[in-house]
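The values are calculated or read from the model by the stated rules, or taken from the named source; none is laboratory data. Fair warning: this is a prediction, and the values are worked out from it, not measured in the lab. Positions of Cβ are generated from backbone atoms using ideal geometry, with glycine treated the same way; all protein chains shown enter the neighbour counts.
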Amino acid sequence: MTIQQSYELAKQQFADIGVDTEKAMQLLDSLPVSIHCWQGDDVAGFEKQSGALTGGIQATGNYPGKARAPQELRADLDLASSLIPGAKRLNLHASYLEAEGKVERNEVKPEHFKNWVDWAKQNQFGLDFNPTYFSHPLSAEATLSHSNKEIRDFWIEHGKACRKISEYFGKELGTASVMNIWIPDGAKDLTVDKAAPRQRLVEALDEIIREKIDPKYHLDAVESKLFGIGLESYTVGSNEFYVGYATSRKTALCLDAGHYHPTEVISDKISAVMPFVEHLLLHVSRPVRWDSDHVVLLDDETQAIANEIIRNQLFNRVHIGLDFFDASINRIAAWVIGTRNMKKALLRALLEPTASLREAENNRDFTTRLALLEEQKSLPWQAVWDMYCERHNVPTGSNWLAQVRQYETNVLSQRA
């Protein structure tokens, strides 16, 4: 049976429960997923400085072929994006700048990202951005919450400089860049004064976002964390801190799937915070035990995240980004697997008979609700996904893997 024939059968089955597959695919085209650049080079970046990753950042594994230069990373992204259907964005860190010599982080400028903008234009990508508050000599103790004003001011200047770069992205590409602020500040052991660092962080963030930027070009976001390696006892930027900051300062709030207690999930938090924030940024990842940033699977939580976005029609308020870095497998394959899984989850959510489910729920007919939820799991959503891939000239099934393997033989294996 051909893909077209399978799709026509699936189309009718979904029509029988009131779901328009053509409309679902059309809506999926309007939901870009922001692919994170740091999967391709193990979060190393392209600064002219050496040193290990710090701030609780770890990429484990030594699979050959990681990108060593911007040109290599963009080539790897070209292949990955050609194997992922639909709208895409790219999420960059400030440490991925391109400059002739060493540029201090408080001196990064839009011109250092011109090649990325040119690449994004050619590929019809939007760009998102992140200040890099880790892996730097001045981040060893703390950044925006540091008690030393000179160090704190350095990182404030970095944040301001990054907002200008984010605004530049938005103006050049015609789509708002979401700039996410995450810092690794905290303490390994017992902390007596937890209030003072948080007050300093409030003041530093206020100074960073003081200048108003048109949201048509740039959106500020803040991201919490439960704890980090070496910061096991106290995290300055906790969940409660940033929920309060985002709601009071009208910034976007970032929910990272790995930044909570092992039994917590971010899918349930989406509807809890949306009445209070205009924009929500999601970092979809897969925590194993905790924030280990494994490749995103098409698992229950990924599906639940997609369901919340679609069921509540948060198309223009939720920004979907990915955050994982696995150096134990082919890095390009990791991008493809994780991003395709996120898009599959969104498609499955769009194929849900939400109106019928909501009607049953409002009528307190929980029997029908449960029956419909379970029966739809057996519907042929895969046939719709295959048609979506074919319409975007992207391989179906695991056929994409052959191209990755060929690229590994021809290109990745040649990298020292």
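Do we have ALA221 as of a type in the set (A, V, I, L, M, F, W, C) and surrounded by fewer than 16 Cβ atoms within 10 Å (Cβ to Cβ) here? No: the conditions fail for ALA221.
Mind checking which residues of segment 258-288 are touching a Lys or Arg at 6+ places or on another chain (Cβ under 9 Å) and more than 18 Å from ILE310 (Cα to Cα)? Within segment 258-288, GLY258, HIS259, TYR260, PRO262 meet the criteria.
Of all the criteria given as (1) modelled with pLDDT under 95; (2) in contact with a His (Cβ under 8 Å, 6 or more places away or on another chain); (3) of a type outside the set (Asp, Glu), the one not satisfied by HIS261 is (2). Among the residues of segment 1-57, none is identified as surrounded by fewer than 19 Cβ atoms within 10 Å (Cβ to Cβ), touching a helix residue (DSSP H, G or I) at 6+ places or on another chain (Cβ under 6 Å), closer than 30 Å to ASN123 by Cα and of a type in the set (Ser, Thr, Tyr). Among the residues making up segment 136-179, those that are within 27 Å of VAL318 (Cβ to Cβ), assigned to a loop (DSSP other than H, G, I, E, B) and in contact with a Leu (Cβ under 8 Å, 6 or more places away or on another chain) are LEU144, ALA176. Test VAL192 against the stated conditions and say whether it is in contact (Cβ under 8 Å) with a residue 12 or more places away in the chain and among the aliphatic types (A, V, I, L, M). So VAL192 does not fit the description; no.
Which residues, counting only those in segment 98-126, are part of a loop (DSSP other than H, G, I, E, B) and farther than 16 Å from HIS36 by Cβ? Once the filter is applied, which keeps residues that are part of a loop (DSSP other than H, G, I, E, B) and farther than 16 Å from HIS36 by Cβ, segment 98-126 yields GLU98, ALA99, GLU100, GLY101, LYS102, VAL103, GLU104, VAL108, LYS109, GLN124. One residue stands out among those in segment 147-174 that are surrounded by 23 or more Cβ atoms within 10 Å (Cβ to Cβ) and touching an Asp or Glu at 6+ places or on another chain (Cβ under 9 Å): the one that is farthest from ASP128 (Cα to Cα), which is HIS158.
Applying a threshold of 6 Å to beta carbon distances and a minimum spacing of six or more residues, or different chains, the list of pairs starting in segment 94-111 at a residue that is within 18 Å of MET179 (Cβ to Cβ) and ending at one that is among the charged types (D, E, K, R) and part of a helix (DSSP H, G or I) reads ASN106/GLU157. For first residues located in segment 1-22 and in contact (Cβ under 8 Å) with a residue 40 or more places away in the chain and on the phi < 0 side of the Ramachandran plot, partners that are surrounded by fewer than 14 Cβ atoms within 10 Å (Cβ to Cβ) and outside any helix (DSSP H, G or I) and lie 6+ apart or on another chain with Cβ distances below 9 Å form the pairs LEU9/MET1. Could you look through segment 26-69, keep only residues that are in contact with a strand residue (DSSP E or B) (Cβ under 6 Å, 6 or more places away or on another chain) and part of a loop (DSSP other than H, G, I, E, B), and pick out the one that is modelled with the highest pLDDT? Here the answer is PRO32. Taking segment 203-234, which residues are more than 19 Å from CYS162 (Cβ to Cβ) and more than 22 Å from the chain's Cα centre (by Cα)? GLY230, LEU231, GLU232, SER233, TYR234, listed by residue number.
Taking the criterion of being part of a loop (DSSP other than H, G, I, E, B) and exposed (fewer than 10 other Cβ atoms within 10 Å of the Cβ), the only residue of segment 399-416 that qualifies is ALA416. When segment 151-167 is filtered for residues that are hydrophobic (A, V, I, L, M, F, W, C) and over 16 Å from PRO197 (Cβ atoms), the ones remaining, listed by number, are PHE154, ALA161, CYS162, ILE165. Within segment 283-333, the residues that satisfy the criterion of being part of a loop (DSSP other than H, G, I, E, B) and of a type in the set (Asp, Glu) are ASP299, ASP323, ASP326.
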